[in-house]
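K.L.:
Have a look at this one before I ask anything.
Read-outs throughout are calculated quantities, based only on the coordinates presented, and are distinct from any laboratory measurement. The structure presented is a predicted model; accordingly, all values stated were derived computationally and were not measured. Neighbour counts are summed over all protein chains in view; Cβ atoms, including those assigned to glycine, are modelled from backbone coordinates with ideal geometry.
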Amino acid sequence: MKFTDVETFVVGNPPPGYGGKYFVFVKLSTDTGATGWGEVYSPPFGPDTVDALVADVFDRRVKGTDPFRIEERTRLLYSLGFTQRPDVTLGGIISAFDMASWDIVGKETNRNVTDLLGGLVRDRVRGYTYIYPAPGADESVYVDPTLAAERAVEYVEAGHTAIKFDPAGPYRAVGPRQPSMNELDRSEAFVRQIREAVGTRADLLFGTHGQFTPSGAIRLAQRLEPWSPLWFEEPCPPDIPEAMAEVARHTSIPVATGERLTSIVEFQRLLRNGSASILQPNLARAGGITAGKKIAAIAETFGAQVAPHLYCGPIAGAANLAVAATIPNFLVLEGIEQWGGFHAGILTNPVQWVDGYVMPFTEPGLGTEVDEAVARANPWTGDGLHLSVTTDVEDWPG
């Protein structure tokens, strides 16, 4: 069996667009007719460029290789151009090829990927979601703590046991910075009012997306500590793990990070520096299922936990789910609400969410595939990127 073809699908994510503007799915085919699916997370290039990059990497190092030789192929891809170092763009492509390879191996052996990874550690996987606006509502829930608390109650009553929010300000290209008094007050109000609304029925997950200096993050953490969030996410920029370690030493809130990292090396560095005790790899960027298992194993030796990140499409979600279900040091799995809407419609076999938990797939391979008819009916036609930042350096007035 050899790989013969690759096809990239850049699928527009219809309103409300939770999970990003579009998803980048990759389909690998073999000379026996077997196919496998993977996903690239948030590449920093336009879709046409990503399509060309995927094709180039495939032609150089994937075409003609055996789908079962995953480890060897990963090392060859990581060494393209003799770089042999973390690269978010190449990392996303490696991740997609890795997922698709595992998908094919599972189908060829008639086993779900979880069986190939050592078997289930748990029969259901605890999930969490961001607080999103109610259907038909505007985006005030992102800046209004009272509305956020009301929405949090709705999520908890629906079955969610963990909810995340990010009220500190928009993503900015300029930084890191000190939080303004408005941001400090708003952040504290969010945590206080949501905790008062849901009590101990749900864990609170506080995100910042790497915006603050160490001292600024510590000031913010001190305002949040009385309400005991489960984690303080990415308090400093992702390329300064030493800064995050300083924050971790000065707060009782566990520090979580990892969505913007790629390769096992970057995650090992976090643990060695004491930067975080909760790792959040997005397996569509961090190296796929193979890297996910390795990251979890490294984390286990440091007494750290893994909470896979997801703000993209459900093929990455299926890969995250497979790893989460098979590692002993799993904490909680990110999803988009209850994995419904377009995230269900784009799959031949939707992810099952039941009372706050996600059910591992049992079918061969990843357990699901992209519905090609739906994908072709929803091509991305815009010129933006999956995610974007602002260049506004003034205090956010919200």
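K.L.:
Name the shape class, rounded, prolate or oblate, that the alpha-carbon gyration tensor gives for the range 302-398, where a ≥ b ≥ c are the square roots of its eigenvalues, rounded holds for a/c under 1.5, and otherwise prolate holds if a/b is larger than b/c and oblate otherwise. Write out the running numbers ahead of the final one.
P.N.:
Values: a/c = 2.28, a/b = 1.18, b/c = 1.93.
Oblate is the answer for the range 302-398, as a/c is 1.5 or above yet b/c matches or exceeds a/b.
K.L.:
Arranged by the count of other C-beta atoms within 10 angstrom, fewest first, what order do Ser215, Ser277 take?
P.N.:
Sorted ascending by nearby Cβ count, the order is Ser215, Ser277.
K.L.:
Hey, another quick one. For the range 3-111, rounded, prolate or oblate, judged on the Cα gyration tensor with a ≥ b ≥ c (square roots of eigenvalues), a/c < 1.5 rounded, else prolate if a/b > b/c?
P.N.:
Since a/c reaches 1.5 but b/c is at least a/b, the shape of the range 3-111 is classed as oblate.
K.L.:
How would you rank Lys63, Lys164, going from fewest to most other Cβ atoms within 10 Å of each one's own Cβ?
P.N.:
Lys63, Lys164
K.L.:
Which of the chymotrypsin sites (Phe, Trp or Tyr not before Pro) across the range 129-238 are loop residues per DSSP, with 16 or fewer other Cβ within 10 Å?
P.N.:
Here the sparse-neighbourhood loop sites are Tyr171.
K.L.:
Evaluate the relative contact order of the range 168-262 (contact order divided by residue number), counting alpha-carbon pairs under 8 angstrom at least 6 apart; express in whole percent.
P.N.:
Dividing the mean separation by the residue count of the range 168-262 yields 28 percent.
K.L.:
While we're here: If a paramagnetic tag sat 7 Å from the Cα of Asn273 along the Cα-Cβ line, which residues of the range 214-247 would have the backbone N under 11 Å from that point?
P.N.:
236-247
K.L.:
Could you tell me the center-to-center distance, by alpha carbons, between the range 319-349 and the range 28-56 in angstrom?
P.N.:
Cα centroid of the range 319-349 versus Cα centroid of the range 28-56: 21 Å apart.
K.L.:
Have a look at the DSSP beta bridges in the chain and tell me what percent are antiparallel, nearest 5.
P.N.:
Taking every DSSP beta bridge with both residues in the chain, the antiparallel ones total about 50 percent.
K.L.:
Mind jotting down the distance between the C-alpha centroids of the range 132-162 and the range 6-22, whole Å?
P.N.:
One Cα centre to the other: 24 Å.
K.L.:
Okay, moving on. When only C-alpha pairs under 8 Å and at least 6 residues apart count, what is the relative contact order of the chain, in percent?
P.N.:
22 percent
K.L.:
Something else now. Return a whole-number percent for the relative contact order of the range 3-111, with Cα pairs under 8 Å and 6 or more residues apart as the contact set.
P.N.:
Relative contact order here is 31 percent.
K.L.:
Here's a follow-up. Counting helices only, and only those DSSP H runs with n ≥ 4, report the 222 nm mean residue ellipticity of the chain as the sum of -39,500 (n - 2.57) divided by its residues, in deg cm²/dmol to the nearest 500.
P.N.:
Rounded to the nearest 500, it is -11000 deg cm²/dmol.
K.L.:
At a temperature of 4 °C and a viscosity of 1.567 mPa s, determine how fast the range 319-367 diffuses translationally according to Stokes-Einstein, using the Kirkwood radius over alpha-carbon pairs as Rh; express D in µm²/s, rounded to the nearest whole number.
P.N.:
Values: Rh = 11.6 Å.
Estimated diffusion coefficient is 111 µm²/s.
K.L.:
What FRET efficiency, computed as 1/(1 + (r/R0)^6) with R0 = 35 Å and r the Cβ-Cβ distance, is obtained for Lys63 and Val121, rounded to the nearest 0.05?
P.N.:
E(calc), rounded to 0.05, equals 0.50.
K.L.:
Considering the Cα positions of the chain, please state its Rg to one decimal place and its Dmax as a whole number of Å.
P.N.:
Every Cα atom of the chain included, Rg and Dmax give 20.2, 62 Å.
K.L.:
What value in Å³ per residue do you get for the convex hull of the alpha-carbon atoms in the range 235-366?
P.N.:
Values: hull volume 14.4 nm³, N = 132.
Given the Cα convex hull of the range 235-366, per-residue volume reads 109 Å³.
K.L.:
Quick one: grab the alpha carbon gyration tensor of the range 92-158, order the square roots of its eigenvalues as a ≥ b ≥ c, and give me rounded if a/c is under 1.5, else prolate or oblate depending on whether a/b is larger than b/c.
P.N.:
Prolate, because a/c is 1.5 or more and a/b exceeds b/c.
K.L.:
Would you mind getting me the FRET efficiency between Glu300 and Ser388? Use the beta-carbon distance for r and R0 = 22 Å, nearest 0.05.
P.N.:
Result of the calculation: an efficiency of 0.05.
K.L.:
Once you have the Cα-Cα distance between Thr32 and Val143, take 0.36 nm times their residue separation minus that, and quote the gain in nm to one decimal.
P.N.:
Contour length minus Cα-Cα distance gives 34.7 nm.
K.L.:
Also, I was wondering about something else. Collect residues whose amide H, placed 1.01 Å from N in the peptide plane, falls under 5 Å from the amide H of Thr262; neighbours closer than 5 in sequence don't count.
P.N.:
Amide H neighbours of Thr262: none.
K.L.:
On to the next question. For Arg73, Arg126, what ranking results if the residue with the fewest other Cβ atoms within 10 Å of its Cβ goes first?
P.N.:
Arg126, Arg73
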